[in-house]
Every structure is written in structure tokens, then in C-alpha cells.
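Student: Take a look at the following structure, please.
The values are calculated or read from the model by the stated rules, or taken from the named source; none is laboratory data. Because the structure is a prediction, the values reported are computed rather than measured. A quick note on method: Cβ atoms are made from the backbone with ideal geometry, for glycine too, and the neighbour counts reach across all protein chains shown.
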Amino acid sequence: MPYVVAASLRIKKKHLSEFTKRVKRHANNSVTREPGCIAFEVSVDKDDPRRFLFYEVYLDEAAFDKHMAYDFLKKHLDVTAPMLDGEVELIGFWNRLAAPNK
């Protein structure tokens, strides 16, 4: 059953442009380089451009665990950690029930 991770975070204003560039590359790496990553969506709060929502879908929990071990993820986290304005808010882990496509 597909496994979903959702989280929210805020970025310091001075790092917004660099973080945006990096997170787009990271999302692309996740879906193109990880066979177990079904989707990696990043959205921006319409009222606060420094607040991001991550919605990630993996084939299963084991694929998510593998995602966490990739070197490119570790590098991304190391580089972007100082850009955070506060803690990452983990919204939760979910089992996907339905995902109709248009």
C-alpha cells in the first residue's frame, strides 16, 4: 500500500530563493532517481511564501526508509538545515487510500 509523508516548514527570508531552487531539484531527484518514490510535491503557502508543504508518496514504508538513506537527501538536508526558520512540523505518516487522476 502506498505510504505518504506530509510535513510543513518555514524558511528564513534571506534563504528563500536558494531554498526554492534546491527544493525543486531535490523533488525532481526523488521522483527520477528513486524507483520507490511515486510523487514528491512541494507547495507554498499562498499567504506566506516562506512556508512550504511537502507531500511525498512512496510505494511502501520500505521505499520511504530507502529514501531517507540516499546520499543526495543527506546532502540536501545538511545544506538546507541552516535555512530553516524553526522546526519542521511533521504532519504525519499515512497509508494512501485513493488518488484519482484527472
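Student: Please specify each residue of the stretch 88-102 satisfying the condition of being more than 19 Å from V31 (Cα to Cα), in contact (Cβ under 8 Å) with a residue 40 or more places away in the chain and part of a loop (DSSP other than H, G, I, E, B).
Tutor: V88
Student: Output the residues belonging to the stretch 36-81 that are part of a loop (DSSP other than H, G, I, E, B) and surrounded by 12 or more Cβ atoms within 10 Å (Cβ to Cβ).
Tutor: Hits for the stretch 36-81 are G36, D45, P49, R50, L59, D60, Y70.
Student: Name the single residue that is nearest to L9 (Cα to Cα) among those in the stretch 38-81 being in contact with a Lys or Arg (Cβ under 9 Å, 6 or more places away or on another chain) and hydrophobic (A, V, I, L, M, F, W, C).
Tutor: F52
Student: Would a scan of the stretch 18-29 turn up a residue that is out of contact with any helix residue (DSSP H, G or I) (no Cβ under 8 Å at 6 or more places or on another chain), among the polar types (S, T, N, Q), surrounded by 14 or more Cβ atoms within 10 Å (Cβ to Cβ) and modelled with pLDDT of 95 or more?
Tutor: yes
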